[in-house]
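Down below is the structure, laid out as structure tokens.
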Amino acid sequence: MRAREILEEDYNQSLQSDLSDILLNAKGSGASRVQTAQVAQQLQGMGYAVTPESLTMLLSGIPGVQNATPEMITLSSDQPGEGAGNTQDSASQVSDMAQSATDL
């Protein structure tokens, strides 16, 4: 019983991490919205058993998500306090972080 709990916890943590990486990559590419079905397909390709409906529950705990429905995920705008001059630098940093995370 305990082994199952540990495996489920690892699975959930991995799913959350990979979901965050996908959204960071989308944000770094300049997207402000992504289709929930596309994200679900990417995760299914990684071996996760998810649907667009199940993702909406997971997305509530992901930083950077403004709104999520089974049809569309709206990513939040830049953090308050960032000036327009920093937007490109921030996007580049997010893109670099997402790329290095996916290279692992």
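What follows is calculated from the coordinates using simple rules that are stated; it is not laboratory data. Everything numeric here is computed off the predicted structure, so don't read it as measured data. No Cβ is skipped: glycine too gets one built from the backbone with ideal geometry, and neighbour counts run over all protein chains shown.
Summary table below
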{"item": "Qualifying positions in segment 26-46 - over 17 Å from A68 (Cα atoms) and part of a helix (DSSP H, G or I)", "result": "G28, Q44, G45"}
{"item": "Residues satisfying the stated conditions in segment 44-62, i.e. closer than 13 Å to M72 by Cα and in contact (Cβ under 8 Å) with a residue 24 or more places away in the chain", "result": "L55, L59"}
